Amino acid sequence: MRTTYCGLVSEALLGQTITLMGWAHRRRDHGGVIFIDLRDREGLVQVVCDPDRAATFAVAEEVRNEYCLKVTGLVRARPGGTDNANLTSGKVEVLCHELEVLNPSVTPPFQLDEDNLSETTRLTHRVLDLRRPQMQRNMMLRYRVAMEVRKFLDANGFIDIETPMLTKSTPEGARDYLVPSRVHDGMFFALPQSPAAVQAAADGGRLRPLLPDHQVLPRRGPARRPPARVHADRHRDLASSPRRRSGRCSRR
């Protein structure tokens, strides 16, 4: 199926026919030639759809943002003056030979490269939010940190290599963690007993180059008791009662 990732296409692949899969980040029609910026977790690559290939060009005309595509094509150098120094694939492009729409998409509620998104918009469209480049980088960093923590704990005798750890926030990760045959009776006693111990382990291990300016565990301030809440209707009923207005109460 896929032979390489979009963001890894470079001059090393010049002259090769490759197969890519990803999302249509942008589509541009320049005088009969259609350009599609194809995106996956590694980055972008420019795909060129030439009208000489009628079937492929007809499919490209129907492509819109966030369509999931499969592209097979030839890696060639970009014309002079069109390089993009910000991309790994900035000096090459893919001349599309075959184009398949794996899954169409409705019009997205926002552009994925938009920075000023409200928290409500991001949480409402969480699936799209997780496709954004900054969120992809966050998830890959979290995975790297989890793997480094596991390596350090294993190297220092806190756990053994067979002790399960919840390193993936997915049903599969939880299933691996909770399978009875893989959970040892003493696993909870083998782990560090306090957040300070975990922080010390991270500071002394190989996590510091990954997170030079951040604590692995957030520092918490003193607990604050939330203010008492009085239901508005109940407060109004008490204030309007005869007993409250007169300031007297009856005795029995």
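The values are calculated or read from the model by the stated rules, or taken from the named source; none is laboratory data. Computed from a predicted model, the values in this text were never measured in an experiment. All Cβ positions, glycine included, derive from the backbone under ideal geometry; neighbour counts span all protein chains shown.
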Of the numbered conditions (1) within 16 Å of I34 (Cβ to Cβ); (2) part of a loop (DSSP other than H, G, I, E, B); (3) in contact with a Ser or Thr (Cβ under 8 Å, 6 or more places away or on another chain), E98 satisfies every one except a single condition; which is it? (2)
State all residues of the stretch 36-72 that are touching a residue at least 12 places away in the same chain (Cβ under 8 Å), small (G, A, S) and either surrounded by fewer than 18 Cβ atoms within 10 Å (Cβ to Cβ) or touching a helix residue (DSSP H, G or I) at 6+ places or on another chain (Cβ under 9 Å) (or both); if no residue qualifies, say none. G43
Looking at the stretch 6-35, which of its residues are buried (at least 17 other Cβ atoms within 10 Å of the Cβ) and assigned to a loop (DSSP other than H, G, I, E, B)? V9
D115 fails exactly one of (1) in the same structural domain as E61 (by TED's automatic domain parsing); (2) surrounded by fewer than 15 Cβ atoms within 10 Å (Cβ to Cβ), namely (1)
For the stretch 104-136 the number of residues that are within 26 Å of L13 (Cβ to Cβ) and not in a loop (DSSP other than H, G, I, E, B) is 2
